[in-house]
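Structure, as structure tokens:
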Amino acid sequence: MTLLQTHRFLLRPIEQSDAPVFARLCNDKLIARNTARIPYPYTLEDAEIFTKTAAAAFRNGKEHAFAVCEQDTIIACCGVMRITNILFELGYWVAMPARGRGVATEAASAVTHFAFTALHAETLLAGHFADNPASGRVLEKIGFHHTGDTRLQFSLGRGGEAQSLRMKLDREAFNAPESVKFA
Ligand SMILES: CC(C)(COP(=O)(O)OP(=O)(O)OC[C@H]1O[C@@H](n2cnc3c(N)ncnc32)[C@H](O)[C@@H]1OP(=O)(O)O)[C@@H](O)C(=O)NCCC(=O)NCCS
């Protein structure tokens, strides 16, 4: 099993048995509004489909989504989706009680490091809705920069499209965190 250990958190692949926890944590308007594929309300059935798909996608290398655990509690989710052999898209959310203490930055930095080393990514892409500057700040802290491109991005949680600002990070420009260990 691929494990990423950061200073504070353990990141492990999502398992089907995580569905009840995901059903509780993802049933959150803020998460739904600021991501593409998470509906609101979010049901146990949604979580069962997601966790089953995520576990299979991790095994076949299409998408690597990690549960971010503090002690044994899941507090966030962060992953990369393969676009080509060298290009990946980063995404994440943090559960409401865990926000505002650097969880997204620490987890996304570890997954970025994983993508550049273990998956041999050369470039990571990410995007955030124009009305979600906190996510842009997370990406900036990792080293991403705005490309200047914007696109209309569909969000299930919004029930429509909204302006999304595109960001990217090349492998050479990334300062790998020293504290991340792979197992
Ligand atoms: C956005 C989100 C991931 C942030 O998670 P988090 O763990 O609280 O983030 P961090 O603590 O690592 O960093 C947040 C940064 O944004 C900053 N920030 C917060 N609100 C902000 C705002 N309105 N404008 C600009 N910056 C803001 C914080 O000050 C912090 O930066 P700092 O360390 O320089 O002070 C979390 O709120 C979330 O899950 N939102 C819903 C889902 C989502 O937006 N996912 C991302 C999709 S692109």
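The values are calculated or read from the model by the stated rules, or taken from the named source; none is laboratory data. Every value quoted in this text rests on a predicted model; they were computed, and no experiment measured them. Here the Cβ positions follow ideal geometry from the backbone for every residue, glycine too, while neighbour counts run over all protein chains shown.
Side notes on the structure shown:
- Scan the range 11-32 for residues that are crowded, with 16+ Cβ neighbours inside 10 Å and touching a residue at least 60 places away in the same chain (Cβ under 8 Å) and the total you get is 7.
- Output for the range 1-54, where each listed residue is within 19 Å of A115 (Cβ to Cβ) and assigned to a helix (DSSP H, G or I): A54
- Looking across the range 127-146, the residues that are surrounded by fewer than 18 Cβ atoms within 10 Å (Cβ to Cβ), under 19 Å from A36 (Cβ atoms) and more than 8 Å from the ligand (Cβ to nearest atom) come down to A130, D131, H146.
- Some residue of the range 107-126 being in a strand (DSSP E or B), surrounded by fewer than 22 Cβ atoms within 10 Å (Cβ to Cβ) and within 13 Å of the ligand (Cβ to nearest atom): yes
- The single residue among V103, V180, V80 that is crowded, with 17+ Cβ neighbours inside 10 Å and at pLDDT below 95 turns out to be V180.
- If you check A104, A65 for being in contact with a helix residue (DSSP H, G or I) (Cβ under 9 Å, 6 or more places away or on another chain), within 16 Å of the ligand (Cβ to nearest atom), in a helix (DSSP H, G or I) and closer than 24 Å to R171 by Cα, only one passes: A104.
- Residue in the range 141-154 that is over 24 Å from P13 (Cα atoms), in contact (Cβ under 8 Å) with a residue 60 or more places away in the chain and assigned to a strand (DSSP E or B) present: yes
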